[in-house]
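Data block below; observations after.
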Amino acid sequence: MSLRSLEVWKKLEAHRDQLVTVPVRQLFAEDPARFSRLSLRMDDLLVDVSKQRVTTETMGLLAELARATGVEAARDRMFAGERINGTEQRAVLHTALRRSTPGAVLVDGVDVMPGVVAGRDAFLAFAEDVRAGRRTAANGARFTDVVNLGIGGSDLGPAMAVEALTPYGREGPRLHFVSNVDGAHLDETLRVVPPATTLFIVASKTFTTQETMANARSARAWMAAAVGESAVGRHFVAVSTNAREVQAFGIAAAEMFGFWDWVGGRYSLWSSIGLPIAIAIGADRFRALLAGAEDMDTHFLSAPIDANLPMVLGLLGIWNANLLDIETHAVLPYDQYLRRLPAFLQQLDMESNGKGVRLDGTPVDVATGPIVWGEPGTNGQHAFYQLLHQGRRVVAADFLAAAEPAHGLPAHHPLLLSNVFAQTEALMQGKTLDEARAELTAAGLDAGEVARLAPHKVFPGSRPTTTLLYRRLDPRTLGRLLALYEHKVFVMGAVWGINSFDQWGVELGKVLANRILPELDAPSDAAGHDGSTNGLINHARALRRR
Ligand code: G6Q
């Protein structure tokens, strides 16, 4: 199916051509109810899209697009456990992991829920045992430090969530995350953790990932040297779907927390991959995180398209990417605890929707996944916001902020909030040449100076932003936000008709590095690649020999 040939796509293009001639500030002036018309709520969570370059007519057309592309039916197939990940023949059921309501979720006629509940109870009980000092180190002491060894989906979600919920994890052990195969990452961590009271979690769905297995082997050797071979077992547990490889590594079956092939890596923090989060914040708060995600699941399943948060954000994503040709999407949390959210969303979005073909193998005829990036405010303001305000490229951005701080320095908070509101206001309002001239004249500059400086003081405005404002970044709110983004990505993938749940691009990297590895220390120079790759390998070989 060609999106461009859809009737509603043509309507959207014609509507776009009209709308882009009108500054968003004018849309606000013409419609005093614009904010209430174009902002959505879930309890204390407010999602304001009124500063996007849209009107209610745009939203109506986008809803029509969602219906024409079957987004609701695709959503229902996902929740129902159908094998919608067609290239890997897998169901996609991260939503089952946060389900608390009774009732079966069937994959090929088999209810997955008893396994989900038992698996969840097991890893949450283990987390509580570690926190309470019931599960101890080999010497009988309480664990003071926990190191998660994983990468990609087995790292980014837990690392982001543990940091986001720092204020809720103060009584638990210290958490560390090592992902990179660059030995610097593990080495620097091993320098600060005490071996006698450190627990390692080897987190890998496949338990064959090169980086994680290298880090696990090195960590195991380091631990054995410190506490003795016979005590190592008390200091390692695994999270995986591959029991055979876990046992081959030397971790007992009882020390492995499992999950299922229908949990995608980047959607796995709700499974036992969330063990480090549970150790940090405790089982009750982990359940609150799940409950927040379930709130969003229920809403996504039941709210009409125009009042449905993930639908609206996903459709705006399509509007910005395909109708306004905006290539990048900035994630700008005015919330230091969400420092790792941009990296997490970068994977979630770019790995899910960075695809060129539809499920049936035919090319998508528009651009797909945006480039996602970002940094916390206000730091970004003193770095790259210059381009957001005055560059020739338009960047779409999400701003996130809590009304109440979760830290102990509340006097800072009004400063933070005034900045987030000021930035989105300025990005939307802009400043015309006449306004710039008037401002400079009022400041007492002579006519020549006004003419010289005014063009530099012009801000185009109408730069699209969404603001997500919530009371406090607690576990339930974090759960809602993360599920909101997961489903937003789903909606965009469904409109494009792509499989958001495979990652052949990632698999390629896993194969290529293993091919070159032996060549680095082979007796003769590499000759089997292109000239550049041979040259780089051989230069490294020469430098390493010296
Ligand atoms: C996520 C990706 C990828 C994956 C890592 C780690 O959706 O598939 O980031 O999570 O490659 O894989 P393992 O958990 O198997 O080690």
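Miscellaneous remarks
- For residue 172, net neighbour charge (Lys/Arg +1, Asp/Glu -1) across residues whose Cβ lies under 15 Å away: +1
- Estimated D of the stretch 51-191 in µm² per second, where Rh is the Kirkwood radius over Cα pairs and Stokes-Einstein applies at 10 °C, 1.306 mPa s: 82 µm²/s
- Ordering of 159-170, 293-304, 440-451 by burial proxy (mean other Cβ atoms within 10 Å per residue, highest first): 159-170, 293-304, 440-451
- Only aspartates and glutamates eight or more places from residue 205 in sequence, or on another chain, were considered; those with a Cα closer than 12 Å are 155, 245, 261.
- Where Rh is the Kirkwood radius over Cα pairs, Rg/Rh for the chain: 1.00
- Accessible area per residue in Å² at 1.4 Å probe, computed on the stretch 450-546: 49 Å²
- Degrees between helix 56-68 axis and first principal axis of the chain (Cα, 0 to 90, nearest 10): 50 degrees
- Each of 175, 367, 484 was scored by the projection of its Cα onto the charge dipole of the chain, and the greatest displacement toward the positive side belongs to 175; charges sit on the C-beta of Lys, Arg, Asp and Glu.
- Taking the average, over residues, of other Cβ atoms within 10 Å as the packing measure, peptides 379-389, 341-351 rank 341-351, 379-389 from highest down.
- Whole-Å distance, taken between Cα centres, linking the stretch 1-75 and the stretch 383-427: 24 Å
- Degrees separating the helix 531-545 axis from the principal Cα axis of the chain, which is the longest one: 50 degrees
- Under the Debye formula (equal points on every Cα, no solvent term), log10 I(q)/I(0) of the stretch 138-186 at q = 0.14, 0.15, 0.22, 0.31 Å⁻¹: -0.42, -0.47, -0.86, -1.14
- Under-5 Å amide H pairs with residue 148, H placed in peptide plane, nonlocal only: 176, 177, 178, 201
- Net charge over other residues, Cβ less than 9 angstrom from the Cβ of residue 439 (K, R count +1; D, E count -1): +2
- When the listed pairs 355/510; 355/431; 488/510; 10/488; 51/457 are checked against a 26 Å cut-off, the alpha-carbon distance exceeds it for 355/431; 488/510.
- Within the chain, helix-based [θ] at 222 nm, where runs of 4 or more DSSP H residues each add -39,500 (n - 2.57), nearest 500: -14000 deg cm²/dmol
- Expressed as a whole percent, the accessible surface of the chain that belongs to carbon and sulfur atoms is 55, based on a 1.4 Å probe.
- Amide H to amide H, with H built 1.01 Å from N, residue 372 comes under 5 Å of 329, counting only residues 5 or more places away or on other chains.
- Karplus (6.51, -1.76, 1.60) ³J(HN,Hα), θ = phi - 60°, over the stretch 397-407, in Hz, Gly and Pro reported as x: 8, 9, 10, 10, 7, 9, 5, 10, x, 9, 9
The values are calculated or read from the model by the stated rules, or taken from the named source; none is laboratory data. Quick caveat, the model's predicted, so the values are computed rather than measured. Heads up, the Cβs are rebuilt from the backbone with ideal geometry, glycines too, and the neighbour counts pull from every protein chain shown. Accessible surface is based on the protein model in full, side chains and every heavy atom, while ligands, DNA and RNA are left aside. Shrake-Rupley method; radii C 1.70, N 1.55, O 1.52, S 1.80 Å.
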